[in-house]
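Novice: Below you will find the structure I want to go over with you.
What follows draws every value from the coordinates through simple rules; no lab data is involved. Note that the structure is predicted; figures quoted are calculated from it, not measured. In this analysis, Cβ positions are derived from the backbone assuming ideal geometry, glycine residues included, and neighbour counts consider all displayed protein chains.
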Amino acid sequence: MTPPQLKRILVAEDVRAISMRIAHVLKAHGYEVEVVKDGEECLNSVAANQPDLMILDLMMPKLNGVEVLKTLRANPETERLPVIVCTSKDFSTELKYVRDLGALDVIIKPFEPEVLARRVNDFFGVATTIGSEIQPESPAGPHYEPTLDTQRPHIRLWGTRGSIPVSGPQFAQHGGNTSCMEFAFGDERILFDAGSGLREAGLSFLKDGPRHIHLFITHTHWDHIQGFPFFTPIYVPGFEITVYGERGFGRNLESLLGGQLDRDYFPIQREDLRAKMNFVFLDENPVSIGGAKITREFAHHPGATVAYKIEHEGKSIAYVPDNEFLQGFLGDPKEVRPEDPIVMAQEPMIRFLKDVDVLLHEAQYPPDEYRKKIGWGHSNLANACALARLATVKKWIVLHHDPNHDDAFLHKKLNLTWQILKHMDHYVPVMHSYDGMVEFV
Ligand SMILES: [Zn+2]
Ligand SMILES: [Zn+2]
């Protein structure tokens, strides 16, 4: 339906991309719009079409906006034509001049065309209705507009740093939170390790309300448990949290984690936990959670440390943040054979990781650094490459970054990883994890 009398607006603007957007929005608000692209055309159109309002750009060819305005004001027939000036020149003297020439309003570029439409509506006394928010014109046809689907099986890395959290611009890309990984599918949420990344994982669960969360601990070094007191769901009634740990951790699991809430360390005590807490020793193998099967194997790391493997809908993911593979080996990873005694000693782990779809495994030290860190419980990068080959994993995501390795260093280290794999004639997609990374499986 056409309104009885459309208000006519003349848009004088030489940049086509801008004039088209303005025209589109004004038309959508019910105005008749004409566009001109220089000062001369503008004056001709005013004479011929007698618009009700003009949108005038100051910077235009042939005759600029100020000259147009002066000409209009000098002619009795157009001296009262309402004009809104749009300009990217925000010099106060020029603006004052424009106002003295009777411009209704001045809008400084860049601006949203909707803002202009509101001013125009105000001028004509037309209410801008909420429903009149205009989307930019886009081509017809179906649009592909994906959003992250958290119901699909995926892993999310909440903390990818080893040893201690780090902070600062040099760590901005990879992040500074210590170990924490989530595996999620449908409504199931399974966490691995309780490093400082656990805090943000907990916050993410709050918005969906109480649920049962499973938390598997690889070992009880600080960087794998320090986030536990900051895991908000433990204080919220309705949540149920089941923590799983290896019997070989030594003391009981509850006091190993909950002990961090001792009065000497933390202001909130264990009595303040409001979630239903279960602490479970891993006697079952595998553990089944809603269609996912979780198995474990001992890793090569000081104290009792386990690696976990998740199998779900035909896919397998292994989480091995701390593992010194081939401890003390400094040779060429290309020369490593399954029958070598040093490799045979690691056979259970190689078998455990065989053909997994995604291996999350550390490679903490480049070979030169490793020489000084033998026995610290973390892999030589070259030896981790040998593991990826021996276990023929399909994809490798490197995690547990050293706190001394900033983003620039990690980029170089990843380049070195590609070079080592090339040298070994072994192709495997490899990437460095970062805090917040999501991988669909
Ligand atoms: Zn660690
Ligand atoms: Zn450790």
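Novice: Can you give the helix-only mean residue ellipticity at 222 nm for the chain, where every DSSP H stretch with n ≥ 4 adds -39500 (n - 2.57) and the sum goes over all residues, rounded to the nearest 500 deg cm²/dmol?
Specialist: So the helix-based figure for the chain works out to -7500 deg cm²/dmol.
Novice: Which far-off residues, 5 or more places away or on another chain, put their amide H under 5 Å from the one on Arg274, with H placed in the peptide plane?
Specialist: The list, which skips near neighbours in sequence, is Tyr235, Val236.
Novice: Output wanted: per-residue J couplings in Hz (rounded whole) for region 37-47, from phi through Karplus 6.51 cos²θ - 1.76 cosθ + 1.60, θ = phi - 60°, x for Gly and Pro.
Specialist: 10, 8, x, 5, 4, 4, 5, 4, 5, 4, 5
Novice: Follow-up question, since we're still on this one. Would you mind putting 61-68, 207-214 in packing order, based on average other-beta-carbon counts within 10 Å, highest first? Working shown, then result.
Specialist: Details: 61-68: 17.6, 207-214: 14.2.
Per-residue Cβ counts within 10 Å, averaged per peptide and sorted highest first, yield 61-68, 207-214.
Novice: Ok, one more. Report, to one decimal in Å, the Kirkwood hydrodynamic radius for the chain based on all distinct Cα pairs. Write out the running numbers ahead of the final one.
Specialist: On the way: mean 1/r = 0.0375 Å⁻¹.
Value: 26.7 Å, from the Cα pair sum.
Novice: Can you give the convex hull volume per residue for the Cα atoms of region 8-130, as a whole number of Å³?
Specialist: 95
Novice: With each pseudo-label sitting 7 Å past Cα toward Cβ, what's the Tyr97-Phe281 distance in nm, one decimal?
Specialist: 8.8
Novice: Rank-order 317-326, 39-48, 71-80, 108-117 by packing density, defined as the average count of other C-beta atoms within 10 Å over each peptide's residues, highest first.
Specialist: Result, highest mean first: 317-326, 39-48, 108-117, 71-80.
Novice: For region 8-130, how many pairs of lysine residues have a Cα-Cα distance under 26 Å, where the two are 8 or more positions apart or belong to different chains?
Specialist: 16
Novice: Quick one: if you take sqrt(5λ) for each eigenvalue of the C-alpha gyration tensor of region 113-225, what semi-axes come out, biggest first, whole angstrom?
Specialist: Listed largest to smallest, the semi-axes of region 113-225 are 45, 19, 15 Å.
Novice: Could you sort the peptides 289-299, 50-60 by per-residue average Cβ neighbour count (10 Å cutoff), highest mean leading?
Specialist: Details: 289-299: 17.8, 50-60: 21.5.
With the highest mean Cβ count within 10 Å placed first, the list reads 50-60, 289-299.
Novice: Right, next: List the lysines whose Cα sits under 27 Å from the Cα of Lys276, skipping any in the same chain fewer than 8 residues away.
Specialist: Within the straight-line limit of under 27 Å, Lys276 reaches these lysines: Lys207, Lys293, Lys309.
Novice: How far is it, in nm, from the label point at Tyr235 to the one at Leu330 when both lie 7 Å from their Cα along the line to the Cβ?
Specialist: If labels sit at Tyr235 and Leu330, their model points lie 5.0 nm apart.
Novice: Turning to a different aspect of this structure: Taking the Cα-to-Cβ direction at Asn415 and at Trp376 and moving 7 Å from each Cα, how far apart do the two end points lie in nm?
Specialist: Label-label distance for Asn415 and Trp376, simple model: 2.3 nm.
Novice: Same structure again: Going through region 1-105, which chymotrypsin sites (Phe, Trp or Tyr not before Pro) have at most 11 other Cβ atoms within 10 Å and a DSSP loop state? Write out the running numbers ahead of the final one.
Specialist: On the way: sites: Tyr31, Phe91, Tyr97; in loops: Tyr31, Phe91.
Sites meeting the loop and neighbour criteria: Phe91.
Novice: Which value results when the Cα radius of gyration for region 291-393 is divided by 2.2 N^0.38 Å?
Specialist: 1.04
Novice: Out of Ile342, Pro142, Pro76, whose Cα points farthest toward the positive end of the dipole of the chain (charges: +1 Lys, Arg; -1 Asp, Glu; placed on Cβ)?
Specialist: Ile342
Novice: Continuing with the same structure: Give me the percent relative contact order of region 306-441, please, defined on Cα pairs under 8 angstrom at least 6 residues apart.
Specialist: Answer for region 306-441 is 26 percent.
Novice: Skipping prolines and chain starts, which residues have an amide H placed within reach, meaning under 5 Å, of the one on Cys86, given they are 5 or more residues away or on another chain?
Specialist: Leu56, Asp57, Leu58, Ile107
Novice: So what are the ³J(HN,Hα) numbers for region 153-170, from phi and the Karplus equation (6.51, -1.76, 1.60; θ = phi - 60°), rounded to whole Hz, Gly and Pro as x?
Specialist: x, 7, 10, 10, 9, 8, x, 10, 9, x, 6, 7, x, 10, 8, x, x, 6
Novice: Taking amide H positions as placed in the peptide plane 1.01 Å from N, state which residues far from Met437 in sequence (5 or more) or on other chains have amide H under 5 Å from it.
Specialist: Leu157
Novice: How large is ³J(HN,Hα) for each residue in region 392-400, as worked out from phi by the Karplus curve 6.51 cos²θ - 1.76 cosθ + 1.60 (θ = phi - 60°), to whole Hz, x for Gly and Pro?
Specialist: With the stated coefficients, region 392-400 comes to 6, 6, 8, 8, 10, 10, 8, 9, 6 Hz.
Novice: When DSSP beta bridges are limited to those with both residues in region 174-238, what percentage is antiparallel, rounded to the nearest 5? Write out the running numbers ahead of the final one.
Specialist: On the way: 5 of 9 bridges.
The antiparallel proportion sits near 55 percent.
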